[in-house]
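Here's the structure we're looking at; comments come further down.
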Amino acid sequence: MLIKRDEATVRKRLVSALREVLTKTDPELLVEEVHGVGEHGLDIIFLARDYIGEKHCFGIQVKAVNISCQGHPTKDIKEIIGQLTIATGYNYKFQTDNTYEFSGFYVVTDKEISEVAKKYISSAFRHGKPIYYLYGERLERFLLNNESKSITQA
């Protein structure tokens, strides 16, 4: 069962879980919350390694609403597409590392994302960077399995 949350709480929990998964075993990987001024359309940015050990940069747009639509894209979908479009024009420099071009983006919500909404968002980037989706119960399982225990006790 999902607990009602706001976007800031989802971001905080997701940053904690990503740090547990990525940086505990590999100190060269980084996770940064960048929501706010100068975010360039993203809320969280992280480095991960691919199967041959190369570092890749990913950006995350976090929402705390159901993302769905019928025949036309909604305000939320247009906002997500706009934010990710802004992000595709930037490379990101971590303070302690090199500058990275984004390898892909995630759209994350603690609610649901409809298949039609995913198609609208992905179609806007058909020839660009891949878009991944993490939401609902799948997101909750990821958070519960990976976030720092200190965050869940706070």
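Please compute the net charge surrounding residue 61, taking Lys and Arg as +1 and Asp and Glu as -1 over other residues with Cβ under 15 Å from its Cβ. Every neighbour counted, the sum reads -1. Can you spot the lysines whose alpha carbon is less than 26 Å from residue 93's alpha carbon? Ignore those fewer than 8 places along the same chain. Within the straight-line cut-off, residue 93 pairs with 12, 24, 55, 63, 129. Could you list the residues of segment 31-65 with an amide nitrogen less than 13 Å from a label point located 7 Å from the Cα of residue 91 in the Cα-to-C-beta direction? Residues 57 qualify, since their backbone N sits under 13 Å from the label point.
Restricting attention to the chain, close to 50% of DSSP beta bridges with both partner residues there are antiparallel. Counting other Cβ atoms within 10 Å as a rough exposure proxy, the listed residues 13, 49, 19, 141 run 141, 49, 19, 13 from fewest neighbours to most. Using only alpha carbon pairs under 8 Å that are at least six residues apart, calculate the relative contact order of the chain and give it in whole percent. Reported as a whole number, the value is 26 percent. With Kirkwood radius over Cα pairs in Å as the read-out, I listed (1) 20.7; (2) 18.5; (3) 16.0; which label goes with the value calculated from this structure? Identified label for the calculated read-out: (3). Rounded to the nearest 20, the size of the Cβ-charge dipole of the chain about its Cα centre is 320 debye, with Lys and Arg at +1 and Asp and Glu at -1. Distance from the C-alpha centroid of segment 37-92 to that of segment 94-150: 7 Å, rounded to the whole angstrom.
Laboratory data are not the source of any read-out in this text; all were calculated from the coordinates shown. These numbers were taken from a predicted model, which means no experiment stands behind them. When we count neighbours, we look across all protein chains shown, and the Cβ atoms used for this are built from the backbone with ideal geometry, even at glycine.
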